[in-house]
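Written out below as structure tokens is the structure these notes cover.
The values are calculated or read from the model by the stated rules, or taken from the named source; none is laboratory data. These figures come from a predicted structure and were not determined experimentally. All Cβ positions, glycine included, derive from the backbone under ideal geometry; neighbour counts span all protein chains shown.
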Amino acid sequence: MRLEVLPLAGKTSTEIAVVIDVLRATSTMVTALANGCPAIIPAADPDEARALAVAGGYLLGGERGGLPLPGFDLGNSPREYTPKTVAGRKVVLTTTNGTRALLLAASPVVLVASFLNLPAAAGWLARRKGDVLISCAGTDGGFSLEDFACAGMLLDMIAKAGNSLELGDGAVAARAVYRQWEGRIPDLLKSTGHGRRLDRLGLGADLEFCARVGRYAVVPQFSHGEVVAGDPDAGAGR
Ligand code: 3SL
Ligand code: MG
């Protein structure tokens, strides 16, 4: 199995892509789906999101600058996406980097991962043979340490499952970065540029939340315009 990591979001064409935005879009998607949301519809910008939500009668969530948008039902804090709020309700989500990274992914199979569902995603990937590209969302076009380290932990888990891996240079670097932070994921999130920015916005509790490795067992797949939590093996691809 060949594995590579894209430090910044880009177009993917490998058989399998994994999109990671630890802070906070993919952590929010994983949480919403684990809490009974049937689907997340990623939208490129707030106007498109509003139109989709009105047309479908869906909840509207997202952020710009880390903060909830006027008229939206929800922001981009995973702590808002409780069973009470999202069970049985589809959500249209627009975020600065995470939904953009997802919309750039053009692989036949696109998975969504964060620390919250990493063991489940690794378990699914460890049973595959195809090439995998992990796309890190980054922040405002720049590098995000938390996404890169999460990618490194993902491929470390896949390797520990006994797979023989052919790692690209980005994957080797991501694994090395992860190993520097092994066992200290909460500290990692507090130390990164975007983590400090969220803390300044009064969203420090999100850092603790997003650092919980393996809290959920869902392996969301982006397929036909929606992110759903079903078995990716059963998905029809894109
Ligand atoms: O950029 C994104 O997609 C967001 O996750 C960023 S924020 O954490 O909501 O500010
Ligand atoms: Mg981010």
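Filtered by the rule that a residue be in a loop (DSSP other than H, G, I, E, B) and either within 17 Å of the chain's Cα centre (by Cα) or within 16 Å of ligand 2 (Cβ to nearest atom) (or both), region 57-72 gives G65, G66. Annotation for region 98-110: at least one member residue is more than 16 Å from ligand 1 (Cβ to nearest atom) and surrounded by fewer than 21 Cβ atoms within 10 Å (Cβ to Cβ).
Just one of (1) more than 16 Å from ligand 2 (Cβ to nearest atom); (2) over 17 Å from the mean Cα position of the chain (by Cα); (3) surrounded by fewer than 18 Cβ atoms within 10 Å (Cβ to Cβ) fails for G170. It is (3). Looking at F148, F143, F222, which is the one that is within 16 Å of ligand 2 (Cβ to nearest atom), crowded, with 21+ Cβ neighbours inside 10 Å and not polar (S, T, N, Q)? Selected residue: F148, the only one of F148, F143, F222 that is within 16 Å of ligand 2 (Cβ to nearest atom), crowded, with 21+ Cβ neighbours inside 10 Å and not polar (S, T, N, Q). Restricting the search to region 73-95, which residues are within 13 Å of ligand 1 (Cβ to nearest atom), free of Cβ contacts under 8 Å to residues at least 24 places away in the same chain and assigned to a loop (DSSP other than H, G, I, E, B)? Result: G75, single match.
N163 falls short on exactly one of the conditions (1) at pLDDT below 95; (2) under 27 Å from A49 (Cα atoms); (3) polar (S, T, N, Q), and that condition is (2). Summed over region 17-53, the residues that are in contact with a helix residue (DSSP H, G or I) (Cβ under 8 Å, 6 or more places away or on another chain) and part of a strand (DSSP E or B) give a count of 6. Only a single criterion out of (1) more than 23 Å from P83 (Cβ to Cβ); (2) surrounded by fewer than 21 Cβ atoms within 10 Å (Cβ to Cβ); (3) in contact (Cβ under 8 Å) with a residue 40 or more places away in the chain; (4) in contact with a Pro (Cβ under 8 Å, 6 or more places away or on another chain) is not satisfied by G36, namely (1). So if I check each of D156, D187, which one is in a helix (DSSP H, G or I), surrounded by fewer than 14 Cβ atoms within 10 Å (Cβ to Cβ), among the acidic types (D, E) and away from ligand 1 (no atom under 16 Å from the Cβ)? Exactly one of D156, D187 is in a helix (DSSP H, G or I), surrounded by fewer than 14 Cβ atoms within 10 Å (Cβ to Cβ), among the acidic types (D, E) and away from ligand 1 (no atom under 16 Å from the Cβ), namely D187. For T14, the conditions (1) in contact with an Asp or Glu (Cβ under 6 Å, 6 or more places away or on another chain); (2) closer than 16 Å to T95 by Cβ; (3) part of a loop (DSSP other than H, G, I, E, B) are fulfilled apart from (2). One residue stands out in region 97-124 among those that are in contact with an Asp or Glu (Cβ under 7 Å, 6 or more places away or on another chain) and hydrophobic (A, V, I, L, M, F, W, C): the one that is farthest from ligand 2 (Cβ to nearest atom), namely V109.
When T85, T26 are checked against the criterion of being at pLDDT 95 or above, within 16 Å of ligand 2 (Cβ to nearest atom), surrounded by 17 or more Cβ atoms within 10 Å (Cβ to Cβ) and hydroxyl-bearing (S, T, Y), T26 stands alone in meeting it.
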